[in-house]
1. Is there any pair with a first residue in region 121-142 that is among the hydroxyl-bearing types (S, T, Y) and a second that is part of a loop (DSSP other than H, G, I, E, B) whose Cβ atoms are under 8 Å apart and which are 6 or more apart or on different chains, and what are they?
2. With respect to F108, is the statement that it is outside any loop (DSSP other than H, G, I, E, B), modelled with pLDDT under 90 and not basic (K, R) true?
3. Condition first: over 20 Å from R103 (Cβ atoms) and under 13 Å from the mean Cα position of the chain (by Cα). Now tell me which residues in region 135-165 satisfy that.
4. Count, please, the residues in region 117-151 that happen to be over 23 Å from R163 (Cα atoms) and in a loop (DSSP other than H, G, I, E, B).
5. Could you count how many residues in region 106-129 are closer than 24 Å to G150 by Cβ and open to solvent by less than 40 Å² (accessible area, probe 1.4 Å)?
Amino acid sequence: MEVPKPPWYRRFGVVVVAANLVVAAVLVVAVVALWPRAPQRPGAPATTPGVGRHAEQVVPGGPEPAAVLPTSTRARLAPGVLWQGRGSAGAVAGRFAAPGRWRVVWSFNCQSFAKYGGGNFKLSGAGDFAEVSVQRFGVRGRGVLQVTGGGRGRLTIESVCDRWTVKAVAP
């Protein structure tokens with residue numbers, strides 16, 4: 001005796017259930033990824049460590065470094081300065097060459113985000129500088145990132161802060 005073939009809607013029921021599970025999983029991942037982070041506890045450090053072949057010195061918030069020229073300028077750089085920039089939004093540096101040892105001097109001011117606990121400042125490298133990384137969350141901050149490993153590359157700054165300055169300097 002032959003079993004009758006079930007109707008089409010029963011045959012595709014398994015496919016519909018599987019598709020719904022996949023859609024639900026994607027929605028859960030999206031909600032988790034986009035959910036706002038919990039506010040930082042008072043007194044907890046407002047930094048995340050840099051990554052890569054470097055030692056870092058972080059200086060508590062204070063006065064900003066001397067004025068830095070905008071990235072669009074054609075002015076000559078001071079001796080030893082490989083690249084410098086300032087801004088209030090993200091920026092990508094032009095390619096520059098660096099010796100085996102150099103440093104990145106950075107600062108930011110996110111005063112307009114003070115009521116939210118601060119804003120995000122992220123500095124990352126590309127090319128031969130791919131391991132250069134600084135990410136901070138706060139109202140203001142500054143520091144010096146010592147880098148070992150030269151070559152050619154660029155720096156990218158992603159920030160919502162009112163002001164930031166970055167300078168790549170040879171020793």
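1. S124/V132; S133/G50; S133/V51; S133/G52
2. Values: outside any loop (DSSP other than H, G, I, E, B): yes; modelled with pLDDT under 90: no; not basic (K, R): yes.
In short, no.
3. F137, E158, V160, C161
4. At the first step, the residues of region 117-151 found to be over 23 Å from R163 (Cα atoms) are 127-131, 147-151.
From the residues that got through so far, the ones that are in a loop (DSSP other than H, G, I, E, B) too are 128-131, 149-150.
Looking only at that region, the number is 6.
5. Of the residues in region 106-129, 7 are closer than 24 Å to G150 by Cβ and open to solvent by less than 40 Å² (accessible area, probe 1.4 Å).
The values are calculated or read from the model by the stated rules, or taken from the named source; none is laboratory data. Just so it is clear, the structure is predicted and the values come from calculations on it, not from any experiment. Cβ atoms come from the backbone with ideal geometry, glycine included; neighbour counts cover every protein chain shown. The accessibility values were calculated without ligands, DNA or RNA, using every heavy atom of the protein model including side chains. Shrake-Rupley method; radii C 1.70, N 1.55, O 1.52, S 1.80 Å.
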